[in-house]
Amino acid sequence: MSITVRIRTAKSSAPVQTELNLNGTWREAASVLSGVSGVALSRMRVLAGFPPKPIEPEDSTPLTELKLRPNDMLIIQEGEAKVQLGNTGEKYVPPTSERAHLTRRRCPADNSCLFHACAYILHDKSRSDGALIRQECVRAILEHPEMFNRNTLGMDPADYAAWLSNKDTWGGAIELEVLSFLYKTEMFALDLQSSTVQKFGTGMGYTVRVFLVYTGNHYDCIAMNPTYNSSSEREDQTLFNSRDDNILKRATRFVAEEGKKMKEGNSM
């Protein structure tokens with residue numbers, strides 16, 4: 001007996017259907033997923049559900065115990081992997097190398113730039129999870145009305161969630177606060193024009209920090225790459241140690257330089 005599931009990777013433009021043998025083990029299913037996705041077993045992470053959470057059973061676990069349903073979406077990730085929702089408080093990210101270089105990864109200017117930027121830094125450099133990040137914000141607001149209340153949102157949580165569900169609604173400080181809470185991650189937004197830093201999630205004991213850059217009407221994200229001005233996103237590091245003050249200083253200088261370029265008309 002088999003089950004049809006949908007597979008999505010960071011490189012896929014659309015989900016791919018594949019069949020898994022329900023009479024087999026997780027190891028056998030993982031081998032199939034590795035073959036379909038092209039991601040080596042040793043570097044593969046599989047996420048399922050909503051919000052997506054890692055599937056990490058023993059190799060010998062019968063596939064039936066995972067309770068997969070027909071047409072379930074399985075997200076295949078490689079390398080650094082996605083920050084797990086609500087589970088980064090104890091995650092250790094080593095300090096960054098002085099030899100690595102900061103880079104600005106541009107995101108589409110389609111009214112969802114903040115969500116695209118957050119997908120890149122939180123979902124292992126995903127270029128396709130912006131809509132999913134937006135949905136996670138909406139769901140969190142509905143599930144935690146005591147935290148994200150009328151005073152915080154400026155309107156009833158249900159109304160705000162409905163408004164945010166529109167793909168043309170911009171994200172901003174509230175959504176960064178929501179995502180910081182969801183991912184237990186410090187989120188710093190550096191203003192390109194003023195070099196000021198908006199900080200979300202500080203003082204909560206989170207061990208992971210991520211960086212975005214804000215131009216005044218658009219969000220991009222900041223990553224670190226071993227090669228200067230590299231176009232290879234595969235090598236990007238997007239998660240940083242929250243106690244690494246040096247990376248914050250470097251990011252602040254980097255954004256100040258980017259702002260200077262923008263003012264000189266050499267960059268947007």
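The values are calculated or read from the model by the stated rules, or taken from the named source; none is laboratory data. Because the structure is a prediction, the values reported are computed rather than measured. As a convention, Cβ positions derive from the backbone with ideal geometry for all residues, glycine included, and neighbour counts pool all protein chains shown.
A few points about this structure:
- Applying the set (1) modelled with pLDDT of 90 or more; (2) under 16 Å from Arg45 (Cα atoms); (3) out of contact with any helix residue (DSSP H, G or I) (no Cβ under 9 Å at 6 or more places or on another chain) to Lys125 leaves exactly one unmet item: (3).
- Residue match in the stretch 165-184 (condition: part of a loop (DSSP other than H, G, I, E, B), under 18 Å from the mean Cα position of the chain (by Cα), surrounded by fewer than 21 Cβ atoms within 10 Å (Cβ to Cβ) and of a type outside the set (Lys, Arg)): yes
- Assessment of the stretch 198-205 against the conditions (of a type in the set (Lys, Arg) and closer than 30 Å to Lys260 by Cβ) yields at least one matching residue.
- Taking the stretch 216-257 as the range and being under 19 Å from Lys199 (Cα atoms), modelled with pLDDT of 90 or more and assigned to a helix (DSSP H, G or I) as the test, the residues that pass are Asn246, Ile247, Leu248, Lys249, Arg250, Ala251, Thr252, Arg253, Phe254, Val255, Ala256.
- When the stretch 13-48 is limited to residues that are assigned to a strand (DSSP E or B) and not aliphatic (A, V, I, L, M), the one that is farthest from Arg69 (Cα to Cα) turns out to be Arg45.
- Any hit, the stretch 167-174, residues being more than 19 Å from Glu143 (Cα to Cα) and in contact with a Leu (Cβ under 8 Å, 6 or more places away or on another chain): yes
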